[in-house]
Amino acid sequence: MKEVMKTDKWTVLAGLAVIVITNVFALAGVAYNRGGEPDAGVELSERELSMWHAGSRDENSGLSLRLACRIERSDGYGGGYSCTGNPQWLDQAKLELLGINVPPADSDRYRRQRGMSSKEVFLVLEFDGEAYRRTLQRAEEELRIQQALLDEGLPGKALKVQQDRVQAAQNYLRDERNQKSRLFVVDAGLSKTRLRALYPDTGRYIMYRGLVNAGYYEGKSQQWRGTITDIPISHVNVPLAHRGLLDEFWKSGRRSRNEGLPRYAVQVSFGRRLEPWVEEVRAL
Amino acid sequence: MSKQAGSADKTSAQRRADRIQAFNDELAELERRQILALSQKQQARVADFHRHLLADFRDRFDIDASHKEKQLSWGMRIASFLGAVALAASVFFLFYQFWGLFGTTVQVVILATASLLSFAGVVVTSRLDASGYFTKLVGLVAFACFVLNVAMLGQIFNITPSDNALVVWALLALILAYGYDVRLLQVAGVLCVIAFVAARVGTWSGLYWLDMGNRPENFIPVAILLFFVPQVINHSKFEGFALSYRVFGLVTLFVPILVLGNWGYGSYLNLDRNVIEGGYQLAGFILSALVIWYGLRRGWAHVVNTGVTFFVIFTFTKFFDWWWDLMPKYLFFLLMGVAAILCLLALKRLRLLGREAGAPL
C-alpha cells in the first residue's frame, strides 16, 4: 500500500509539474518577446491587416487580423497575398546565401527537382517603401499606355476591347492606391542582427520569420528561383481591449469595392522573438 | 489504490478468470462425452472455490468473469472512448465559443485552470473507479485540456509554432498513461513522440520542422527506438503497452519504406531515383520477412501480423507496378486472387510454426 501511494504521489507531482512548467515557460517567452525595446513598431491599416474569424462567427468568438503582404515580381507588378510567391530578388545567388544549395543546372532533371524542402529564414518586410512606389508607378504607367492606345482610335470590336483594358487598368491603379497591401517582402537572410543593420528603420522595416523553397524553372530562362512558401505567424490575435472598433466594422460588413478605403489602423509591435502584438486600434 | 499497481493484479486476475471459464467449458465438454466426471463432492469444492475467487476478483478489480461480461466490457470500452472523444471535442468548441469575450489574463487563467482541474479529476476518479473506464474518459479530457492550453496560448500571444509543444504533450500523455493505465493515452503520447523525433531529425538536416514528411527517412530512427522500448523497460505491469510500442514502431518503419519504394525523390540519398526505389522495395521485403521470423521466434503474434500485413502490401504494390498496365484488369485481379490464396497457404504454414513458439509477451 505504501508503495502504491508513493507511485501515485509521483504521478501527481510529475503531471502537475508538466502543466505548471509549460505554462510558466510559455508566459516567460511572451514576457521576453515583449520586454525591452520592440524590434519594430509600425502602424498598419486594414490594407495590411484584414479581419479574420476562424470558422463561423457563431462558433468562434475570437478575432484575429490576417497579415497581407506582397512580393515584387519580375514584371514589376506586386503579386501574392500572404507574403508568398517568387520575388525577383530571390535568385540562385540569394538562395545559396540562404544556405539552400541547389544542384548544378546541367545535372539531370531528377537531381534538379528531387524533394527540395523549405528552410526557415528571416524575411524583411518593407512598409510603404520603394517596392510599393515601384508597383504604383508600374500601375500608373500601364494606365498611361492603355489610355494612349485608346486615344489613337481603334475600329469596331478592337475599340471595345481597348476600352475594357483601360477600365481594367484604372481599377488596378485604384486598387493599388486604396486597397492593396503596401507591405512587401524585400529581402531575406539567416541573421536578423545583420538584416537589422542593413535595414535600421524600425518604423518601416519589419523582421519576420518565413519559409523559403527553391524550384527549377525550365521556361524561357532556365534557372533556379526561390519561392517564399509560408510565414509561420500569418495572423495576429486581437485582445478584447482593442476589439470594440473592429467588432463594429465586422458587423457592418466588408469595405465595398466602390469605397475601397481602409477603415482602421493598427499599431503593431514586433518583439525580440519577432512575434507581433497589437498595441492600439484607431478608426481612419 | 493507484491504478498502476492495481492493474498488475487486475491483469493476473483477469487471466485467472479466463482460465477458470475455459476450465469450466472444457470440463462440461468432457463430462458430456463421458470421458471425465468429477464426484459431487469434488464439483462442489471446485465450484465453491472458484465462486469465492471470482467474487473477490470482481470486488477488487472489476474483472469480466464470463463471456457475456467480456462482451459488455468491449461495449463499455467503446462507449468510454467515444464519450472521451466527444467530451474532448466539447472542451475545444466550448473554449472557442467564448474565449473572445474574455480579456487576456482571464483567458490564460481559464486555460491553466482547466488543465490543472481536469488532471485533478483524473486523480480523484482513479481512486473511485475500479473498472478504469471512467478514469480513461477523464484522462482523455485532461489531455485535451492540456493540448488546448498550449495551442491557445500560442494563438493568444502569436507565439511562433514549435515542435516543443509535442514534447510536453507527449510527457503528460505518458504520465497519465503509466500512472493510470490508460493505453489510449500511451498511444497519444507515442504519436507525439514520433512527430517530435521525426521533426528534430528533419531540422538537424536543415528542414523546417513541419516538413518532416518531405523526407520519410526522418521517421526511421524513432521507429527503431519505439520497437525496442519494451526490451529496455519492463512493461509486464502494463497490459498492452509493449504491444503498442512494437506495432507503432513497425508501422512507423514500414510506411516510410513503402513511400520511398515508390517516391525516390523524397530520400536523403544522393542516388538515382530508380536505385533508391528499388533499394527500398527490396528492403521492405527483407525487413518484413525478418520481422515475421523474429515475431515467431519470440512468440509475438502482433509482430508477426504486422510483418505479414506489410509483406502482403509490398507484394501487391509490386504486382501493381509490374502488371497493371500490361494485362486486362480481369486477369490482374485473377492473379491477385491467386496470390492471396498462396499467401493463405503460407500463413497456414506460419501458424503451425507459431504454435510451437508461444513465448509470453
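The values are calculated or read from the model by the stated rules, or taken from the named source; none is laboratory data. The model shown is predicted, which means the values in this text are computed figures rather than measured ones. Cβ coordinates were reconstructed from backbone atoms using ideal geometry, including for glycine residues, and neighbour counts include every protein chain displayed.
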> Would you say B:G202 is within 26 Å of B:V312 (Cβ to Cβ) and either in contact with a strand residue (DSSP E or B) (Cβ under 8 Å, 6 or more places away or on another chain) or modelled with pLDDT under 95 (or both)?
Replying inline: no
>> Please go through the stretch B:171-228 and give me each residue that is aliphatic (A, V, I, L, M), part of a loop (DSSP other than H, G, I, E, B) and within 18 Å of the chain's Cα centre (by Cα), ordered by number.
In response: B:V182
> For the stretch B:260-290, what are the residues that are in a helix (DSSP H, G or I) and either over 18 Å from B:P216 (Cβ atoms) or of a type in the set (G, A, S) (or both)?
Replying inline: B:G264, B:G266, B:G278, B:G279, B:A283, B:G284, B:S288, B:A289, B:L290
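Condition check ((1) buried (at least 16 other Cβ atoms within 10 Å of the Cβ); (2) free of Cβ contacts under 8 Å to residues at least 40 places away in the same chain; (3) in contact with a His (Cβ under 8 Å, 6 or more places away or on another chain)) across all residues:
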| position | (1), (2), (3) |
| --- | --- |
| B:Y280 | yes, yes, no |
| B:A289 | no, yes, no |
| B:L296 | yes, no, no |
| B:V303 | yes, no, no |
| B:G307 | yes, no, no |
| B:L331 | no, yes, no |
| B:A346 | no, yes, no |
| B:R351 | no, yes, no |
> Among the residues of the stretch A:177-197, which ones are of a type outside the set (F, W, Y), under 12 Å from A:A131 (Cβ atoms) and part of a strand (DSSP E or B)?
Replying inline: A:L183, A:V185, A:V186, A:D187
>> So for the stretch A:254-261 (the condition being at pLDDT below 90, over 21 Å from A:D128 (Cα atoms), outside any strand (DSSP E or B) and within 12 Å of chain B (Cβ to nearest Cβ)), does at least one residue qualify?
In response: no
> In the stretch B:115-164, what count of residues is obtained for those that are of a type outside the set (S, T, Y), closer than 22 Å to A:A31 by Cα and not in a helix (DSSP H, G or I)?
Replying inline: 5
>> Suppose the filter is within 14 Å of chain A (Cβ to nearest Cβ) and touching a Pro at 6+ places or on another chain (Cβ under 9 Å); does B:V255 pass it?
In response: no
> Does A:T229 qualify as being on the phi < 0 side of the Ramachandran plot and within 14 Å of chain B (Cβ to nearest Cβ)?
Replying inline: yes
> Is there any pair with a first residue in the stretch A:237-248 that is at negative phi and a second that is in a helix (DSSP H, G or I) and of a type in the set (S, T, Y) whose Cβ atoms are under 6 Å apart and which are 6 or more apart or on different chains, and what are they?
Replying inline: A:P239/B:T104
>> Quick check on the stretch A:209-229. Is at least one of its residues free of Cβ contacts under 8 Å to residues at least 40 places away in the same chain, closer than 25 Å to A:G85 by Cα and either touching a strand residue (DSSP E or B) at 6+ places or on another chain (Cβ under 8 Å) or assigned to a helix (DSSP H, G or I) (or both)?
In response: yes
> Does any residue of the stretch B:124-140 turn out to be under 29 Å from the mean Cα position of the chain (by Cα), facing chain A (nearest Cβ under 9 Å) and more than 12 Å from A:T22 (Cβ to Cβ)?
Replying inline: yes
> Counting only residues that are under 14 Å from B:D18 (Cα atoms) and in contact with a helix residue (DSSP H, G or I) (Cβ under 9 Å, 6 or more places away or on another chain), which one in the stretch B:39-57 is surrounded by the most Cβ atoms within 10 Å (Cβ to Cβ)?
Replying inline: B:F57
> Any idea which residue in the stretch B:208-224 is surrounded by the fewest Cβ atoms within 10 Å (Cβ to Cβ), counting only those that are at the interface with another protein chain (Cβ under 9 Å from one of its Cβ atoms) and within 25 Å of B:A283 (Cα to Cα)?
Replying inline: B:N214
> Since B:T315 meets every condition but one in (1) among the polar types (S, T, N, Q); (2) closer than 30 Å to B:C192 by Cα; (3) crowded, with 16+ Cβ neighbours inside 10 Å, which condition does it not meet?
Replying inline: (2)
> Can you name every residue in the stretch A:166-190 that is surrounded by fewer than 17 Cβ atoms within 10 Å (Cβ to Cβ) and more than 25 Å from the chain's Cα centre (by Cα)?
Replying inline: A:Q167, A:A168, A:Q170
> For residues in the stretch B:1-47 being among the aliphatic types (A, V, I, L, M) and closer than 17 Å to B:S131 by Cα, which is modelled with the highest pLDDT?
Replying inline: B:A17
> Among strands (runs of 3 or more DSSP E) lying entirely in the stretch A:20-108, which contain 1 or more residues that are at pLDDT below 90?
Replying inline: A:49-52, A:70-72
>> Whether any residue in the stretch B:229-236 is free of Cβ contacts under 8 Å to residues at least 40 places away in the same chain, in contact with a Gly (Cβ under 9 Å, 6 or more places away or on another chain) and more than 26 Å from A:A214 (Cα to Cα) is what I want to check.
In response: yes
> Any idea which residue in the stretch B:88-108 is farthest from the other protein chains (Cβ to nearest Cβ), counting only those that are of a type in the set (A, V, I, L, M) and surrounded by 15 or more Cβ atoms within 10 Å (Cβ to Cβ)?
Replying inline: B:A88
>> Can you tell me how many residues within the stretch B:68-114 are among the small types (G, A, S), within 22 Å of A:V238 (Cα to Cα), at pLDDT 90 or above and part of a helix (DSSP H, G or I)?
In response: 1
> Limited to the stretch B:168-207, what total is found for residues that are farther than 30 Å from B:T135 by Cβ and facing chain A (nearest Cβ under 10 Å)?
Replying inline: 5
>> So, B:L271, is that one more than 21 Å from B:S288 (Cα to Cα), aliphatic (A, V, I, L, M) and within 13 Å of chain A (Cβ to nearest Cβ) or not?
In response: yes
